[in-house]
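Where a number appears in this text, it was derived from the coordinates with a stated rule and is not lab data. Keep in mind it's a predicted model, so treat the numbers as computed, not measured. Methodologically, a virtual Cβ is constructed for each residue, glycine included, from the backbone with ideal geometry; neighbour enumeration extends over all protein chains shown.
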Amino acid sequence: MKFGVHSFVWNDAQDTAAIEYGMERARVAGYDFFELPGFDRKRVDVARIAKTAESLGIELGASCGLAPEFDVSSDDPAVVAAGEAVLNEAVSIARDVGSRGMSGPIFSGHQKYRVMPTRRNWDTSVAVLTRVADRAKAAGVALSMELVNRYETNLMNTVKQGLAYIRDTGSDNLFLHIDTFHMNIEEGDMGQAIRLAGGRIGYFHVGESNRGYLGSGSIDFAPVFDALVAIGYQKVISVEAFNTQGCGDWLKAICAIWRENWTDADAFALTSLDFMRAQWDEAQRRAAAYR
Ligand SMILES: [Mn+2]
């Protein structure tokens, strides 16, 4: 299993130096995979970070979220077009850093909505992601939509809804990016949700219920890892967490990062990798007893 870590564990990853620092610390901690957030290509030397990743022997993954002015489910066609352009740029960055995938909450604005989603919002979003998934396929990039909780989108929050959305696109290059922090709010049974998603899982985030140290919250991870083993999941499992320096003010507000859950990023990275490896190994051993 490939284990990854989000760049926000160390910093906001918005320039070349910040990204290289995070990548190096991730490699030292023992990770195989490093997740990048969306960034402005003018501030980041994309070719250089691709080369650095290669020399460190760490795989890069790309992700992004959409601010309200780039909401691809909007009723305003100008906002939808702006959002589609952001997604196309994110796919091209993913290709150029050598990432095999691009993930994140990319099907709507990443925000707390105060209105019900409409059929038109859904259809608008589906039409955009159908096109973006096609372009991503041509670029060799698999597109994964992160199912986030009700406070961060209104369009869909569960695996069942995500699968219906993928069916509506008809795409074979659109997958689900699922996250234990969000599932803990939205799914009645995380193991069943993972089994339902099955081969459509493109990317997986491990986050504790309080976004703090893994094991310090209320999530029961054993059924989660049992389900990942049961479906034969073979992609990447990444820990996602933020410190208050780890993301900009906009994302801090969206994700309600109001206090430090931990301060030593390197220690957080090390213990998270140990935790995920132990959970994975224990799930393998439990499964082996019934083979
Ligand atoms: Mn996540």
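When all C-alpha to C-alpha distances in the stretch 86-133 are sorted into bins of 5 Å, what percent of pairs does each bin hold, rounded to whole numbers?
5, 17, 25, 23, 14, 9, 5, 2
Over all alpha-carbon pairs of the chain, lay out the pair-distance distribution in 5 Å bins, whole %, shortest bin first.
1, 6, 13, 17, 20, 18, 14, 8, 3, 1, 0, 0
Rounded to the nearest 500 deg cm²/dmol, what is the calculated helix-only ellipticity per residue at 222 nm for the chain, with -39500 (n - 2.57) per DSSP H run of length n ≥ 4?
-14500 deg cm²/dmol
Do you know the Lys pair count in the chain for C-alpha distances under 29 Å, with sequence separation 8 or more or different chains?
Here the count comes out as 17.
Under 1.5 on a/c is rounded, so check that first for the stretch 130-189, then, if it is not, pick prolate when a/b is larger than b/c and oblate when it is not; a ≥ b ≥ c are the square roots of the alpha carbon gyration tensor eigenvalues.
In terms of gyration-tensor shape, prolate.
Dipole of the stretch 2-288, Cα-centred, from +1 at each Lys and Arg C-beta and -1 at each Asp and Glu C-beta, to the nearest 20 debye? If you can, show how the numbers build up before the last one.
Working: 29 positive and 38 negative charges, 111 e Å.
Dipole size: approximately 540 debye.
Once you have the Kirkwood Rh of the stretch 208-291 from its Cα pairs, apply Stokes-Einstein at 37 °C and 0.692 mPa s and quote D in µm²/s.
On the way: Rh = 14.3 Å.
Value of D from the Cα-based Kirkwood radius: 229 µm²/s.
Mean-square fluctuation check for the chain, GNM, Cα pairs under 10 Å: which of Asp12, Asp249, Asp179 is largest?
Largest GNM mean-square fluctuation: Asp249.
Mind jotting down a quarter of the surface of the convex hull over the alpha carbons of the stretch 50-155, in square nanometres, one decimal?
6.6 nm²
Within a 10 angstrom radius of the beta carbon, how do Trp258, Trp250 rank from fewest other beta carbons to most?
Trp258, Trp250
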